1. What are the pairs with Cβ atoms under 6 angstrom where one residue, in the stretch 334-346, is farther than 12 Å from residue 277 by Cα and the other, located anywhere, is surrounded by 17 or more Cβ atoms within 10 Å (Cβ to Cβ) and of a type in the set (Ser, Thr, Tyr)? Sequence gap at least six, or different chains.
2. Keeping to the stretch 149-178, report how many residues are in contact with a Pro (Cβ under 9 Å, 6 or more places away or on another chain) and of a type in the set (D, E, K, R).
3. Of all residues being surrounded by 15 or more Cβ atoms within 10 Å (Cβ to Cβ), of a type in the set (A, V, I, L, M, F, W, C) and in contact (Cβ under 8 Å) with a residue 60 or more places away in the chain in the stretch 114-162, which is farthest from residue 226 (Cα to Cα)? Just the residue, please.
4. Being at pLDDT below 95, charged (D, E, K, R) and exposed (fewer than 12 other Cβ atoms within 10 Å of the Cβ) is true for just one of 314, 333, 327. Which residue is that?
5. Which condition breaks for residue 78 when tested against (1) in contact with a Cys (Cβ under 8 Å, 6 or more places away or on another chain); (2) open to solvent by less than 40 Å² (accessible area, probe 1.4 Å)?
6. Between residues in the stretch 221-248 that are over 14 Å from residue 286 (Cβ atoms) and at pLDDT 95 or above and residues that are among the acidic types (Asp, Glu) and in a helix (DSSP H, G or I), which pairs lie under 9 Å by C-beta distance while being six or more apart or on different chains?
7. Could you tell me whether the stretch 20-29 includes any residue that is in contact with a helix residue (DSSP H, G or I) (Cβ under 7 Å, 6 or more places away or on another chain), in contact (Cβ under 8 Å) with a residue 60 or more places away in the chain and either part of a loop (DSSP other than H, G, I, E, B) or within 23 Å of residue 335 (Cβ to Cβ) (or both)?
8. Quick test of your reading of the structure: residue 124 fulfils all but one of (1) under 20 Å from residue 16 (Cα atoms); (2) outside any loop (DSSP other than H, G, I, E, B). Name the failing condition by number.
Amino acid sequence: MTTQQISIIKPDDWHLHLRDGQALQAVVADTCRQFARAIIMPNLQPPVTTVALAEQYRQRILQAMAHNGIAADSFEPLMTLYLTDNTPAAEIKAAAASGFIKAVKLYPAGATTNSDEGVTDLLKYCRQVLEALQAADMPLLVHGEVNDPNIDIFDREAVFIDRVMTPLRRDFPALKVVFEHITTADAADYVREAEGPVAATITPQHLLFNRNAIFNKGLQPHFYCLPVLKREKHRQALVRAATSGNPRFFLGTDSAPHAQNQKEKACGCAGCYSAHHALALYLQVFEQENSLQHFEAFASLNGPKFYGLPTNTETITLVRQDMQIPERLPYVEGQSLIPLAAKQTLNWSLQG
């Protein structure tokens, strides 16, 4: 008998871009409708590098929620700090004491959107920070790509494992590390087999699509993200990891809004906007793999356990009802936001 609905503990999104200002007001409700908490990325301009800046950003998120009629106690933004070569260890200790900052984000300098002020050499410049993170049991979230023009863009994740992850784990074996938005079989295997506290987030776009989507009937900029979509064999490896029930893998959308004109211009922005229909996208994958029994763990249980946070108590229900993804969503300054897989039809809808 075909499952007609599924109720799970309300999930969290462990990797989310909310932007700021009018853009924040335009997108925050999509996340709050489906998730109880989210790890908020700090790559604003200027980046969120201090506890004070994180608190100011948190207040702007709460104000955007209020603007959308969302109760402050219905969604919790979990803040992060943007790591630089010059981040002092004292800032990490202050972050751990804040109660609202839950992690620190490593962007290799120049690797993705607003990462120019990121780290140039992690183990050369950030050892005291890493020691402080390890002592505080606070996770380091890594954008796992080397930014080396001599390395093919499709190989940068695998090279990151050799150049950064392996020596990092050797020198800081008790440090919690989340390998974010993994895209390759190499990364899935690494996370599955690594010793110590290592986990990974996986996005809906990397579970559902391979790199052919970017070039189907012409250049398709709304499938362009960083890390870029990979070969089909890598997509299949991610699907196996996500649907396996392994507690090291959990939900992180990496939902990243960009206005349509910024995606479709000559040098378009990287990022896919999935927050509008994220849970239905993920559930589609789990149903295709006959793994609905593992969906709640991936979406709602594994992340809190790794972060050392309580599991949510509220539940959420998805029903078997076709949903066509909108062609576009309203955004800022008269621009549209094109959601991931626009105009495609999903088998599931959020109840209510």
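1. From residues that are farther than 12 Å from residue 277 by Cα, the pairs are 337/273; 337/331.
2. Count: 3.
3. Looking at the filtered set, the residue picked out is 141.
4. Working: 314 fails: at pLDDT below 95; 327 fails: at pLDDT below 95.
That would be 333, the only listed residue that is at pLDDT below 95, charged (D, E, K, R) and exposed (fewer than 12 other Cβ atoms within 10 Å of the Cβ).
5. All conditions are met except number (1).
6. Every condition considered, the pairs that remain are 227/157; 230/157; 234/186; 237/186; 237/189.
7. yes
8. (1)
The values are calculated or read from the model by the stated rules, or taken from the named source; none is laboratory data. Every value quoted in this text rests on a predicted model; they were computed, and no experiment measured them. Don't worry about glycine lacking a Cβ; one is built from the backbone with ideal geometry, like all the others, and counts go over all protein chains shown. In case anyone asks, the SASA skips ligands and DNA or RNA and just uses the protein heavy atoms, side chains included. Shrake-Rupley method; radii C 1.70, N 1.55, O 1.52, S 1.80 Å.
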